[in-house]
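Heads up, the thing below is written out as structure tokens.
The values are calculated or read from the model by the stated rules, or taken from the named source; none is laboratory data. Just so we're clear, the structure is a prediction, and the values are computed from it rather than from any experiment. We place every Cβ from the backbone using ideal geometry, glycine too, and count neighbours over all the protein chains shown. All accessible areas refer to the heavy atoms of the entire protein, side chains included, with ligands and DNA or RNA removed. Shrake-Rupley method; radii C 1.70, N 1.55, O 1.52, S 1.80 Å.
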Amino acid sequence: AQSVTQLDSHVSVSEGTPVLLRCNYSSSYSPSLFWYVQHPNKGLQLLLKYTSAATLVKGINGFEAEFKKSETSFHLTKPSAHMSDAAEYFCVVTKGWGYQKVTFGIGTKLQVIP
Amino acid sequence: GAGVSQSPSNKVTEKGKDVELRCDPISGHTALYWYRQSLGQGLEFLIYFQGNSAPDKSGLPSDRFSAERTGGSVSTLTIQRTQQEDSAVYLCASSDPRGGAYNEQFFGPGTRLTVL
């Protein structure tokens with residue numbers, strides 16, 4: 001069985017300050033891990049994915065995430081928040097090759113204060 | 001190129017009516033997924049298609065829900081005798097399974113269903 005826990009349902013940061021969105025996963029095998037972003041009234045878009053090639057993964061818009069097997073974590077970070085980062089972020093774990101059994105976290109809403 | 005499209009974008013219906021939601025995946029994507037996004041519930045997996053067959057229907061919440069896919073392309077999700085708890089945003093995603101374990105799913109904009 002697999003599961004993913006996003007530890008914060010809401011995160012509020014000031015513009016220009018760092019962003020940390022936390023995600024822990026549970027999986028009995030090497031997981032495939034993703035972060036997706038959903039802007040208001042928009043579809044979900046892939047931010048980044050962990051492919052086992054490197055533990056530190058860089059994504060779009062300056063986001064990155066670090067895979068820590070010992071902590072079963074895949075936290076999303078950004079050094080400096082921008083107003084356009086305000087959105088909902090989903091951590092995702094998948095199982096399978098080709099077809100994937102997909103499990104989404106409940107989502108973290110990021111508010112950026114000017 | 002064209003992304004995943006869904007129609008209608010919004011649907012308001014009365015309790016007890018049937019509704020059909022449509023998904024047009026990216027051309028060439030053989031894998032197609034349906035999800036439901038309810039307020040405060042995150043995304044809930046409903047069903048997966050590989051080509052026209054559905055090897056995983058485990059997420060369908062009741063026998064009022066069904067889905068089909070024809071020609072390895074368009075998919076329709078049907079909800080019969082709708083209930084108020086069916087109100088949600090229904091999302092469709094497609095992917096190319098040749099990406100192996102790291103396939104990106106491409107999502108449509110969703111259909112917002114409101115059952116009165």
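One table, with the values for the structure above:
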{"read-out": "Residue-normalised accessible area of chain B, given per residue in Å² at a 1.4 Å probe", "value": "46"}
{"read-out": "Mean projection area, nm², convex hull over Cα of chain A", "value": "7.0"}
{"read-out": "Isotropic mean projected area of the C-alpha convex hull, the range B:5-99 (nm²)", "value": "6.1"}
{"read-out": "Ordering of A:32-44, B:39-51 by burial proxy (mean other Cβ atoms within 10 Å per residue, highest first)", "value": "A:32-44, B:39-51"}
{"read-out": "For residues of B:8-15, the mean tally of beta carbons on other chains within 10 Å", "value": "0"}
{"read-out": "Per-residue average of Cβ from other chains inside 10 Å of B:43-51", "value": "3"}
{"read-out": "Apportionment of accessible area to carbon and sulfur, the range A:34-89, percent (1.4 Å)", "value": "53"}
{"read-out": "Shielding by other protein chains, A:40-51, mean Cβ within 10 Å", "value": "4"}
{"read-out": "Cα-Cα pairs of the protein assembly as shown separated by more than 30 Å (percent)", "value": "25"}
{"read-out": "Accessible carbon and sulfur surface of the range B:5-99 relative to its total accessible area, %, 1.4 Å", "value": "43"}
{"read-out": "Buried accessible area, chains A and B (both chains, 1.4 Å probe, Å² to nearest 100)", "value": "1900"}
